[in-house]
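The values are calculated or read from the model by the stated rules, or taken from the named source; none is laboratory data. Source: prediction; values computed, not measured. Glycine gets a Cβ as well: all are built from the backbone with ideal geometry, and neighbour counts include every protein chain shown.
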Amino acid sequence: MGKFFSYTIGAVVGGIVGGTIVLLTTPKRGEEIRSDIKERALSIQQPLKDAANNLSIVKDRVIALKDESVPVLKSAVSDLGNLLQEWKEDVQPYLTKIKNNVVQLEAAKEKLANKLTEESPEKKPGEEETPPSL
């Protein structure tokens with residue numbers, strides 16, 4: 001409780017001393033200061049009102065732009081989806097043909113590998129392998 005009491009006394013004494021110094025060193029009377037504050041507040045009011053109006057206009061424009069653009073974007077996404085589906089349908093026969101060709105190439109490769117292993121004579125250690133002539 002001693003710290004709280006000393007803190008309270010220090011705050012009260014500091015407030016009294018600070019208030020007295022402010023009153024003694026203020027270059028203008030209170031009436032003049034209040035008049036200056038009112039004038040500054042009035043001079044700031046109109047720009048603040050203008051800024052608020054401008055923000056309201058910008059907000060309305062953004063909302064209108066959003067309302068106009070959402071249907072356009074939905075339509076564009078739908079169109080892109082349709083185009084992608086058509087492309088898949090157009091490409092599918094070619095993909096099937098390519099897959100069949102790959103299977104045939106792999107079968108031919110296996111057949112050729114088997115033929116080469118059957119026809120190649122046994123090698124002696126140290127002999128170089130020569131490629132088959134075409």
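What the table shows:
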quantity	calculated
Single residue of Asp79, Asp67 found to be acidic (Asp, Glu), surrounded by 10 or more Cβ atoms within 10 Å (Cβ to Cβ), under 42 Å from the mean Cα position of the chain (by Cα) and assigned to a helix (DSSP H, G or I)	Asp79
Only listed residue being among the basic types (Lys, Arg), at pLDDT below 85 and in a helix (DSSP H, G or I), chosen from Arg61, Arg40, Arg34	Arg34
Among the residues listed as Val91, Val72, the single one being surrounded by 10 or more Cβ atoms within 10 Å (Cβ to Cβ), in a helix (DSSP H, G or I) and not polar (S, T, N, Q)	Val91
Yes/no for Ser43 being loosely packed, with under 10 Cβ neighbours inside 10 Å and free of Cβ contacts under 8 Å to residues at least 12 places away in the same chain	yes
